Amino acid sequence: MSDAIEAAGAGEMLHGTHDYGEDERNADVLVYVNGELVPRQQAVVSVFDAGFVLGDGVWEGIRIRRGQPAFLDQHLDRLFTGAKAIALDIGMDRAQISAAIARTLAANDMTDGVHVRLMVTRGVKSTPYQDPRMTIGPATVVIVCEHKEPSPIVVERGIRLFTVHVRRPGPDTVDPKLNSHSKLNDITACIQAYTAGADEALMLDPHGFVATCNSTHFFIVRGGELWTSTGDYCLGGITRANVLRVSRRAGLPTYERNFSLTDVYGADEAFVTGTFAGLVPVREVDGRAIGSAPGERPVMHQLRRLYQEMVEADVAERAAQSDQVDGGKLTADG
């Protein structure tokens, strides 16, 4: 960790793993709204839209590397699974969604350091009421692409977590596997955490075991083993799944299991995962410093390197597939 980063982050209240540096180019981005590319200031939806009225919709956050959406297939799997679960007809297939993302990136001349927010709601309603049968139009599809890089202070120095009283619900209440627009459960957890002086919230499941964070997934390292929750009470995270995959490939004992805050407080390392910032260290939980030697996180650094290699492999494969498609079109067109 550099002295500059340490000094810059000392005593600073962060906004969690989604902290980023402002980029003036974002003022002029074009936003995809139902097939049209419009300037940011004109990118609006109806006040009768189901997403605005009720938070009725699903979404994905996607990172762009070398002009390619990383792990796009996994993100689209989750998007379409969630839409089907809530009986939402997106009105576009996977190829059309992929093409819309590519079109928006090209229109903004974006290749690296880009974050994409893909949002789908049930569409415009005849009146502000929850019944999906009150929807009178097709789904609303919005794609926001921004020049956005994680804060180096966050990525290197890490974050502080506070265990909140807000619990993750069971699937019989609100299924946590749904990446829905309704995030009030996580928002209230976030508010409690930053009000307590932390950067993000650590959330427990209904039984008191550690579940996840308000916007990321949580891991600890104990005795050379990697632990994360069972996953029963958290979103099916794309980065979480990929970190578990590379950890097992590397031969690290890796477990999805129940564990308590006592296990967390005595952990050798802790970190969180998410699409935006990748792997981010946790330096403190509920006022307890994590690890006997702050700054030394050998397991997390190994997994971060392996994860980055997986990102590179995924985007390289997608780029090769794109080249094959473009080459085939060129041959067909003569």
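What follows draws every value from the coordinates through simple rules; no lab data is involved. Quick caveat: nothing in here was measured; it's all calculated off a predicted structure. All Cβ positions, even for glycine, are placed from backbone atoms using ideal geometry, and neighbour counts span all protein chains on display.
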> Just one of [x] 130; [y] 199; [z] 150 is volume of the Cα convex hull per residue in Å³ as worked out from the coordinates here. Which one is it?
Replying inline: [z]
>> Run the simple label-point estimate for ASP77 and HIS15 please: 7 Å along Cα→C-beta, distance reported in nm.
In response: 3.2
> Among residues other than SER126 whose Cβ falls under 13 Å from its Cβ, what is the net charge (Lys/Arg +1, Asp/Glu -1)?
Replying inline: +1
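With a cut-off of 8 Å between alpha carbons and a minimum separation of six or more residues, what is the relative contact order of region 193-334 in percent?
Values: 183 pairs, mean separation 27.7, N = 142.
Rounded, it is 19 percent for region 193-334.
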> Angle, helix 298-333 long axis vs. longest principal axis of the chain, Cα atoms, 0 to 90°, nearest 10?
Replying inline: 20
>> Can you give me the distance in nm between label points at THR111 and GLN321, each placed 7 Å from the Cα along the Cα-to-Cβ direction?
In response: 2.2
> With contacts defined as alpha carbon pairs under 8 Å and 6 or more residues apart, what's the relative contact order of region 140-207 in percent?
Replying inline: 43
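Using a Förster radius of 35 Å, what is the FRET efficiency between VAL44 and HIS207 based on their Cβ-Cβ separation? Nearest 0.05, please.
On the way: r = 43 Å, r/R0 = 1.23.
Calculated transfer efficiency: 0.20.
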> What does the charge add up to near THR262, with Lys and Arg as +1, Asp and Glu as -1, over the other residues with Cβ less than 12 Å from its Cβ?
Replying inline: 0
> What does the charge dipole of the chain about its Cα centre add up to, to the nearest 20 debye, if the Cβ of each Lys and Arg holds +1 and the Cβ of each Asp and Glu holds -1?
Replying inline: 640
> Angle, helix 94-107 long axis vs. longest principal axis of the chain, Cα atoms, 0 to 90°, nearest 10?
Replying inline: 90
> For region 84-91, what does the Karplus curve 6.51 cos²θ - 1.76 cosθ + 1.60, with θ = phi - 60°, yield as ³J(HN,Hα) per residue in whole Hz, taken in order and with x for Gly and Pro?
Replying inline: 5, 5, 9, 6, 9, 8, 5, x
>> Restricting to Cα pairs below 8 Å that are 6+ residues apart, what does the relative contact order work out to for the chain? Please round to a whole percent.
In response: 19
>> Show me, for region 267-273, the HN-Hα J-couplings you get by feeding each phi into the Karplus relation (A = 6.51, B = -1.76, C = 1.60, θ = phi - 60°), rounded to Hz, glycine and proline as x.
In response: 6, 6, 8, 8, 7, 10, 10
> Applying 1/(1 + (r/R0)^6) with R0 = 30 Å to the Cβ-Cβ distance of SER292 and ARG248, what FRET efficiency is obtained, to the nearest 0.05?
Replying inline: 0.70
